[in-house]
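Enquirer: Just passing along the structure, written as structure tokens.
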Amino acid sequence: MGLIDCHAHCLPKTIMDVLREWAAGTYLGRSLYADEGFNSLERHLALMDKFGVEKEVINYGNLLVPAAKTGKLPMEEVVRTVNDYIAEACRVAPGRFVPAAAVDPFGGETALRELDRAVEKLGLFGISLSTNVDGRALDDPVYEPIFERAKRWNMPLWVHPGQVPQAWQQALGLNNRYLNSGVGFLLDDMLCVVKMITAGVFDRWWGVKFVLCQLGGFLPFTMGRFDQQYFFERRAFEQQNKPLPEYLQRRVAEYCQAFYVDTHTADASAIRCALDCMTADRIVLGGDYPISPPEVGLGYTIPQLDKVGLSSADRAKIERENAVRLLNLA
């Protein structure tokens, strides 16, 4: 009964070669994209065995759109290549990997047919999404048919931070990797969730298994602020004799029971904060290999869980039981 890691990445070598060529000579090319784990599940298996991981979820992060743009490839081709590759690659170790389906949310009926093929014919489980694509987040109505499928198939939506839009980088001065990744990605996570709340996404799709990376970004640290906004917004609507919008029927803390988050990047203090508003029922393990090598992935996160002071029951939920429920393994 090993751990279940809900956050890892693997892509076809053809796709990674495009990104490596584009990033050659930069930090991304020399370090991040150089790891063979991007297109070798054997490397994943070695690390899984080292850390006692029984199963690992494979998704595609925010890499498909840059690959398509860099290689001047149609997104339809990139998505199909990824789905075919991961379905075949996971045969290397039956039962150890849970490969999600890639999808182009803006590809219309053609993209939805490919998603149907990936799930219903190739047997992929779960759907890989980004918090934003060129600034368009999951509150965009274009995602509704994908949410409907996730509900019908009873499978998770694995939501990874998107590329931080250039407009944000310029407006906020996120002009280096330290700021862009350290602030931009966490802001992107939080904005995605709050936009989904105010757009009524969770109210319409309550029960759909949304799983966000990085504890939902800055969100766990803002519950008090949103309680204040909840008070002010409700008072303003009441003073104007206007009906309350649906998203003001619940506090943000209550909406934290509408999605899951993973532990990637989080230290013990952050995990404790997330536990206060999300509870152990909504947190899963995430290592982010190979984007994050072991020393800042599972090799960092597991000792942080040791420091949190979890009960054995809550520890089991985070490391395995919540994922068992998400993956319909029970």
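The values are calculated or read from the model by the stated rules, or taken from the named source; none is laboratory data. Quick caveat: nothing in here was measured; it's all calculated off a predicted structure. Using ideal geometry, Cβ is built from the backbone for each residue, glycine included, and neighbour counts are taken over all protein chains shown.
Enquirer: Can residue 187 be described as under 14 Å from the mean Cα position of the chain (by Cα) and assigned to a helix (DSSP H, G or I)?
Expert: Details: under 14 Å from the mean Cα position of the chain (by Cα): yes; assigned to a helix (DSSP H, G or I): yes.
Judged against the criteria, residue 187 is a match.
Enquirer: Then there is this: Listed residues 232, 210, 226; which is surrounded by fewer than 22 Cβ atoms within 10 Å (Cβ to Cβ), within 30 Å of residue 323 (Cβ to Cβ) and of a type in the set (A, V, I, L, M, F, W, C)?
Expert: Numbers: 232 fails: within 30 Å of residue 323 (Cβ to Cβ); 210 fails: surrounded by fewer than 22 Cβ atoms within 10 Å (Cβ to Cβ).
After ruling out the rest, the residue left standing is 226.
Enquirer: If residue 52 meets every condition in (1) at negative phi; (2) modelled with pLDDT of 95 or more apart from one, which number is that one?
Expert: Of everything listed in (1) at negative phi; (2) modelled with pLDDT of 95 or more, residue 52 misses just condition (1).
Enquirer: Same structure again: Please enumerate the residues belonging to region 207-247 that are under 18 Å from the mean Cα position of the chain (by Cα) and at negative phi.
Expert: Going through region 207-247, the residues under 18 Å from the mean Cα position of the chain (by Cα) turn out to be 207-220.
Passing the criteria: 208, 209, 210, 211, 212, 213, 218, 219, 220.
Enquirer: Looking at region 239-297, which of the residues that are β-branched (Val, Ile, Thr) and in contact with a helix residue (DSSP H, G or I) (Cβ under 7 Å, 6 or more places away or on another chain) is farthest from residue 225 (Cα to Cα)? Don't jump to the end; show me each part of the working.
Expert: Initially, region 239-297 is screened for residues β-branched (Val, Ile, Thr), giving 252, 261, 263, 265, 271, 279, 283-284, 291, 296.
Restricting the remaining residues to those that are in contact with a helix residue (DSSP H, G or I) (Cβ under 7 Å, 6 or more places away or on another chain) gives 252, 261, 263, 265, 271, 283-284, 291.
Numbers: 252: 10, 261: 20, 263: 23, 265: 23, 271: 19, 283: 22, 284: 25, 291: 32 Å.
Looking at residues that are β-branched (Val, Ile, Thr) and in contact with a helix residue (DSSP H, G or I) (Cβ under 7 Å, 6 or more places away or on another chain), I get 291.
Enquirer: Could you tell me whether any residue of region 294-306 is among the acidic types (Asp, Glu), modelled with pLDDT of 95 or more and not in a helix (DSSP H, G or I)?
Expert: no
Enquirer: Could you tell me how many of the residues in region 131-145 are closer than 16 Å to residue 60 by Cβ and surrounded by fewer than 20 Cβ atoms within 10 Å (Cβ to Cβ)?
Expert: Of the residues in that region, 0 qualify.
Enquirer: Now a separate question. What is the residue count in region 1-47 for residues that are touching a residue at least 40 places away in the same chain (Cβ under 8 Å), farther than 24 Å from residue 285 by Cβ, surrounded by fewer than 15 Cβ atoms within 10 Å (Cβ to Cβ) and of a type in the set (A, V, I, L, M)?
Expert: 0
Enquirer: Among the numbered conditions (1) out of contact with any Lys or Arg (no Cβ under 7 Å at 6 or more places or on another chain); (2) farther than 19 Å from residue 262 by Cβ; (3) aromatic (Phe, Trp, Tyr), tell me where residue 60 comes up short.
Expert: Unmet for residue 60, out of (1) out of contact with any Lys or Arg (no Cβ under 7 Å at 6 or more places or on another chain); (2) farther than 19 Å from residue 262 by Cβ; (3) aromatic (Phe, Trp, Tyr): (2).
Enquirer: What pairs come up if the first residue lies in region 75-89 and is within 14 Å of residue 99 (Cα to Cα), the second is modelled with pLDDT of 95 or more and surrounded by fewer than 18 Cβ atoms within 10 Å (Cβ to Cβ), and their beta carbons are under 8 Å apart, counting only those six or more places apart or on different chains?
Expert: Within 8 Å, the pairs are 79/107; 83/117; 83/122; 84/122; 87/122; 87/123.
Enquirer: Enumerate the pairs (first residue in region 233-257 and at pLDDT 95 or above; second residue anywhere and surrounded by 11 or more Cβ atoms within 10 Å (Cβ to Cβ) and among the small types (Gly, Ala, Ser)) with beta-carbon separation below 6 Å, excluding pairs fewer than 6 apart on the same chain, so at least 6 apart or on different chains.
Expert: Close Cβ pairs satisfying both conditions: 246/200.
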